[in-house]
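To start, the structure itself, in structure tokens.
The values are calculated or read from the model by the stated rules, or taken from the named source; none is laboratory data. Quick caveat: nothing in here was measured; it's all calculated off a predicted structure. Note that we place each Cβ from the backbone using ideal geometry, even for glycine, and neighbour counts take in every protein chain shown. All accessible areas refer to the heavy atoms of the entire protein, side chains included, with ligands and DNA or RNA removed. Shrake-Rupley method; radii C 1.70, N 1.55, O 1.52, S 1.80 Å.
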Amino acid sequence: MNGSIENRPEKLQDFEPSLGEFRDGVIEGLSAPAKTLPCKFLYDDRGSHLFDAICEQPEYYPTRTETGILTRHARDIARTLGPEVRLVEFGSGAGIKIRLLLQALDNPAVCLPVDISREHLLAASAALARDFPDLRIAPVCADYTAHFELPEIPGVTYRSTAAFFPGSTIGNFTRTEAVEFLDGARKLLGQGATMIVGVDLIKNEDTLRAAYDDAAGVTAAFNLNLLRRINRDLGGSFDLSRFRHEARWNTELSRIEMHLVSLREQEVLVGRRSFPFRAGETIHTENSHKYSLGGFRDLAAEAGYETIDVWTDENQLFSVHALRAQ
Ligand SMILES: C[S@@+](CC[C@H](N)C(=O)[O-])C[C@H]1O[C@@H](n2cnc3c(N)ncnc32)[C@H](O)[C@@H]1O
């Protein structure tokens, strides 16, 4: 790359979900006997910035703990991935953690950040291109639970493919969905691909609940932002002051659940559709499943991956797994 020309990302591959998909997901979720909304829609541009602010909260141990593990083991991970790798990141967000890998990797061929949040993805990709002037960055705006293809970038050759899926985002899936996702990723990436995935571990309930209900109210604002987005994009009539954020620990399913609790009996419109709420009724907006090390290894095996390495922090709060697609 000529030092005088600023490195820029490749043209965005744009598979952003349509407004119609958003509307269908919202109507279906609010029509269910136990109301729910798909968590992927938490991430509009404002939602993505609020998530970045959550990562800075003292209660939110996952980001700093995972970053610590990646910092300590970046060289081991780089050895596992090998030279001239094509690196795909699922749910790339602000693209902070991948820098730790990129700095350690031997001559990475291309980096493909995949995220549903279009504007945030564009900004993060531009920043990455600026900071890694010799690296090709090829952003893909897509819902990674739907079918999409990875673009071949002209002039880029690579020796192997790897994926990075940090942030314990895999915990947003139920166990069955996580197996399905990993199985689909194996087909997308190809046999022999390596997947580096961040997995949050089971721990005491107080630590978990505090992480998803910080004292500054940032997670609450993040959760309520989904109603704001429905108002803005779908003609919703949600009064945000009539709902409150709640984080619940579900012991049986080993997961934190985020809910929006209706503070009173009320009727809400989305376009021309009307949805009644009882006082205390909730909209379930997100799950965050927690695993044991063995439990996640079994899940990965079910999806067709061999676990080749696992790294944790000294307090066993969080884990990073290296999986090889069989
Ligand atoms: C928990 S955040 C993690 C962000 C970042 N990777 C990190 O570790 O801090 C989840 C990220 O995945 C993206 N995301 C969530 N659901 C998605 C989906 N179905 N398809 C694509 N991206 C999704 C969000 O926009 C967000 O950037």
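Structure notes:
- Residue-averaged [θ]222 nm for the chain, counting only DSSP H segments that reach four residues, each worth -39500 (n - 2.57): -11000 deg cm²/dmol
- Using a probe radius of 1.4 angstrom, the carbon and sulfur fraction of the accessible surface of region 1-54 is 53%.
- Accessible area (Å², per residue) of region 73-192, counting only protein heavy atoms and a probe of 1.4 Å: 41 Å²
- J(HN,Hα) series, region 299-304, from Karplus relation 6.51 cos²θ - 1.76 cosθ + 1.60, nearest Hz, glycine and proline x: 4, 4, 4, 4, 8, x
- Using only side-chain charges placed at the Cβ, +1 for Lys and Arg and -1 for Asp and Glu, the dipole size of region 120-261 relative to its Cα centre rounds to 160 debye.
- Surface per residue (accessible, 1.4 Å probe) for region 235-286, Å²: 52 Å²
- Ligands, DNA and RNA left out, the accessible area of region 162-272 computed with a 1.4 Å probe is 45% carbon and sulfur.
- The mean accessible area for residues of region 1-47, using a 1.4 Å probe and ignoring ligands and nucleic acids, is 61 Å² per residue.
- Between region 280-320 and region 95-165, the C-alpha centres lie 24 angstrom from each other.
- Using θ = phi - 60° and Karplus 6.51 cos²θ - 1.76 cosθ + 1.60, couplings along region 8-15 (whole Hz; Gly, Pro as x): 10, x, 5, 4, 4, 8, 10, 10
- Angle in degrees between helix 45-54 and the longest Cα principal axis of the chain, rounded to the nearest 10: 80 degrees
- The C-alpha atoms of the chain define a longest principal axis, and helix 218-234 lies at about 80 degrees to it.
- Helix 118-131 axis, angle to the chain major axis (alpha carbon atoms, nearest 10°): 30 degrees
- Accessible surface of region 280-326, 1.4 Å probe: 40 percent of it comes from carbon and sulfur atoms.
- Hydrodynamic radius by Kirkwood, which averages 1/r over all alpha carbon pairs of region 80-188, in angstrom: 14.3 Å
- Among 268-276, 282-290, 300-308, the peptide with the highest mean count of other Cβ atoms within 10 Å heads the list, and the full ranking is 282-290, 300-308, 268-276.
- When you restrict to C-alpha pairs under 8 Å that are six or more residues apart and normalise by the size of the chain, the relative contact order lands at 21 percent.
- Alpha-carbon Rg/Rh ratio, for the chain, with Rh computed the Kirkwood way: 0.97
- Per-peptide packing, taken as the mean over residues of other Cβ atoms within 10 Å, places 114-121, 141-148 in the sequence 114-121, 141-148 from highest down.
- Residue 8 versus residue 149: modelled label distance in nm, points set 7 Å from Cα along the beta carbon direction: 2.5 nm
- Ranked by how many other beta carbons lie within 10 Å on average, peptides 125-132, 204-211, 84-91 from highest: 84-91, 125-132, 204-211
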